[in-house]
Amino acid sequence: MSNQKKRNFQIEAFKHRVVVDPKYADKTWKVLEHAIREIYNHNASGLSFEELYRNAYNMVLHKFGEKLYSGLVTTMTSHLKEISKSIESAQGGMFLEEMNKKWTEHNKALQMIRDILMYMDRTYIPSTQKTPVHELGLNLWRDNIVRSSKIQTRLLNTLLELVLRERTGNVINRGLMRNIIKMLMDLGPSVYRDDFENHFLEVSAEFYKGESQKFIECCDCGDYLQQAERRLNEELERVTHYLDAKSEAKITNVVEKEVIANHMLRLVHMENSGLVNMLFDDEYEDLGRMYNLFRRVANGLSTIREVMTSHIRETGKQLVSDPETLKDPVEFVQRLLDEKDKYDSIIRLSFNNDKTFLNALNSSFEYFINLNNRSPEFISLFVDDKLRKGLEGVSEEDVEIILDKVMMLFRYLQEKDVFEKYYKQHLAKRLLSGKTVSDEAERSLIVKLKTECGYQFTSKLEGMFTDMKTAQDTMQGFYASHPELGDGPTLTVQVLTTGSWPTQPSVTCNLPLEMSELCEKFRSYYLGTHTGRRLSWQTNMGTADIKATFGKGQRHELNVSTYQMCVLMLFNNADRLNYKEIEQATEIPALDLKRCLQSMACVKGKNVLRKEPMSKDIGEDDAFFVNDKFTSKLYKVKIGTVVAQKESEPEKQETRQRVEEDRKPQIEAAIVRIMKSRRTLDHNNVISEVTKQLQSRFLANPTEVKKRIESLIEREFLERDNVDRKLYRYLA
């Protein structure tokens, strides 16, 4: 096989010339023209498409492509002019029906014609850059039907009228609309846009402008938003059913501009139903609707946010400055928490948990909580109330929720160190009186504070718990070394480390002889087992349980403070004592003594003493007796001390002074840290850096920072620059 020679084939032209009949082209075109007319007249069943295809093929092959193409244009144009008259004569609702019917027929005919002229479509048309048959058919339909002088305006008006009818609640033939709109789209994007869409958008803008103006005059904000939402959904539905998908953005922009953007401010501030009223009445659904509609337009959400922020700040300002609210710190903080819960719910349920709204809420709360300089004290009192009695019977999960809410308010405080001062005082009282509901809850809050502010913030608080634990071991050791004390009064002492606990003035009072002897024995034991320590008694913080017998042999066990015990024990040796005698015998400070007597003589149900004359206040000339008629359903009776829940003005000044003093070394430490790392820094930057470093504890006062800088210069930690007096240098 490999040895055979390869043979080359060559196709040669005919040796003789082929002569075509001069009338061939005319005859063939007549056949094709007749076929095209028959196709348009729905008589295509009798035609031989194979023969027609061959005729068209031969015409192109014999260079009669131009005759075939121009003949096609003429024939189709002639037929479409007849169709145009048929459509023009259709009346009323039949106009679109007729057009749709003729368009469907035209498309079907066009498909058959294209099949016959396929060879021309593939060879002649590309080489001469003429319009392909199918496209030609569409263009001729566009020019002779859609854009004919008698049809173009009528078609547009009919379509716009149907849209208007649908908008006003009437049912229209959506299928027919879809077919006509699709016809315009098939004729090319420019036809749909120029002959329908642009006019549709103009008319829509005018319609919604008028409707929204009319609606806003007679409806409240909620109803208007419902209408706006309904209209928007209708337009989206309209696009889905019979408009071009690309029209969606354009028509929604029209509705958004005319219905929402142009009336945005009026809606938000609408009297009796605007945004403020919705917030006040927790209208979650309407608020959600407003958020979803306003987010569609420029500056929509910022408008809602600004009004909401302004409203929260205003109501918060009223809350923190309302004299009635300030009378009850627990109620004050509870109302703050209720407000926060309210707006958290609104942002979660209506505003899609929008972070910008959450930030606005947080900044608003931070603003008004710090308007009241007693907020740190009140938050601590709220915690005190909850951890004393408010959390009894509450599950651990709910306790955590309450503590988390407290921490949320704590974060808003600029003066966190003031809160720490009060919290330490209140915690001390809870621990020493054994009134804390749960050690777990106490420790949980300290962990949260530690996480928020660091170890330094809570180290002393943790030291208080350590002291309480050590106290139990100390008492066991004391009684083990004094077995003879088993029958007499029982003493429980808590030894507190001075640095960990709030500093208390050391107040002495004359204890009953039995107790003072016992206290002396404990002092000897403690100092004998611990070297280098000093004990000072804090009698103002102690409690006692004493057994008492009243008239008719009525026996009770009274739970009282140490001061109350000292007063009551005096009545073992006297039936009647006046205020001066009690004061002289006990040496209890006057203010504490008056509170102590008031709680035992003036509180109904706890009045173990009688007072003459009877009044709510204690006078220096008052006389006191044991109330023989005292009765109680309970064997154990707890007699509290009448105390002011909030600090008095002098106490407040003293606490504030202590806080200011505690801040000085912290400010100085921050200045030294900054200057040590920077070496040289100008005054404004020092202030800025110090404020930034200390903001987790308190807001540093620039005046105080300046004083601390002066102090550090005096002590030669820093020096001023010789040229620029505002520039500081660190001295190693």
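The values are calculated or read from the model by the stated rules, or taken from the named source; none is laboratory data. Keep in mind the model is a prediction, meaning the values are calculated, not measured. Using ideal geometry, Cβ is built from the backbone for each residue, glycine included, and neighbour counts are taken over all protein chains shown. Just so you know, the surface numbers come from the protein's heavy atoms only, side chains and all, with ligands and any DNA or RNA stripped out. Shrake-Rupley method; radii C 1.70, N 1.55, O 1.52, S 1.80 Å.
Listed by first and then second residue, the pairs with beta-carbon distance under 6 Å, at least 6 apart or on different chains, first residue in the range 225-252 and more than 14 Å from Y192 (Cβ to Cβ), second of a type in the set (K, R) and in a loop (DSSP other than H, G, I, E, B), form an empty list.
Taken together, the criteria exclude L164 from residues that are crowded, with 20+ Cβ neighbours inside 10 Å and part of a helix (DSSP H, G or I). Looking only at residues in the range 80-95 that are open to solvent by 70 Å² or more (accessible area, probe 1.4 Å) and of a type outside the set (A, V, I, L, M), the one that is farthest from S148 (Cα to Cα) is Q91. The one condition from (1) under 19 Å from M569 (Cβ atoms); (2) of a type in the set (G, A, S); (3) assigned to a helix (DSSP H, G or I) that G488 does not meet is (3). Scanning the range 179-199 for residues that are within 17 Å of K102 (Cβ to Cβ) and loosely packed, with under 15 Cβ neighbours inside 10 Å returns a single hit, D186. Within the range 38-50, no residue that is touching a residue at least 24 places away in the same chain (Cβ under 8 Å) sits with its Cβ atom under 6 Å from a residue that is exposed (fewer than 13 other Cβ atoms within 10 Å of the Cβ) at 6+ positions apart or across chains.
Is the range 577-599 home to any residue that is polar (S, T, N, Q) and touching a strand residue (DSSP E or B) at 6+ places or on another chain (Cβ under 8 Å)? Yes, because at least one residue in the range 577-599 is polar (S, T, N, Q) and touching a strand residue (DSSP E or B) at 6+ places or on another chain (Cβ under 8 Å).
The residues in the range 473-502 that are closer than 28 Å to A428 by Cβ, loosely packed, with under 12 Cβ neighbours inside 10 Å and modelled with pLDDT under 75 can be counted, and the count is 1. For the residues L61, L52, L47, the requirement of being surrounded by 12 or more Cβ atoms within 10 Å (Cβ to Cβ) and either more than 16 Å from D121 (Cα to Cα) or among the hydroxyl-bearing types (S, T, Y) (or both) singles out L47. Within the range 348-360, identify whether any single residue is in contact (Cβ under 8 Å) with a residue 60 or more places away in the chain and open to solvent by 40 Å² or more (accessible area, probe 1.4 Å), and answer yes or no. Yes, there is a match, as at least one residue in the range 348-360 is in contact (Cβ under 8 Å) with a residue 60 or more places away in the chain and open to solvent by 40 Å² or more (accessible area, probe 1.4 Å).
Within the range 131-148, residues that are farther than 16 Å from I180 by Cα sit with their Cβ atoms under 7 Å from residues that are open to solvent by less than 20 Å² (accessible area, probe 1.4 Å) and in a loop (DSSP other than H, G, I, E, B), at 6+ positions apart or across chains, in these pairs: V133/L117. Only one entry of L591, L568 meets the criterion of being without any contact (Cβ under 8 Å) to a residue 24 or more places away in the chain and either open to solvent by 40 Å² or more (accessible area, probe 1.4 Å) or within 20 Å of P489 (Cβ to Cβ) (or both), and that entry is L591. The set of residues in the range 408-424 that are under 25 Å from R313 (Cβ atoms) and either among the polar types (S, T, N, Q) or in contact with a Ser or Thr (Cβ under 9 Å, 6 or more places away or on another chain) (or both) comprises L409, Y412, L413, Q414, E415, K416, V418, F419. Scanning the range 527-565 for residues that are in contact (Cβ under 8 Å) with a residue 12 or more places away in the chain, over 56 Å from the mean Cα position of the chain (by Cα), open to solvent by less than 60 Å² (accessible area, probe 1.4 Å) and closer than 26 Å to M475 by Cβ gives a single hit, A548.
Residue-by-condition table, conditions (1) surrounded by fewer than 16 Cβ atoms within 10 Å (Cβ to Cβ); (2) part of a helix (DSSP H, G or I); (3) touching a residue at least 24 places away in the same chain (Cβ under 8 Å):
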position	(1), (2), (3)
L265	yes, yes, yes
M270	no, no, yes
S273	no, no, yes
L287	no, yes, yes
M290	no, yes, yes
V297	no, no, yes
T303	no, yes, yes
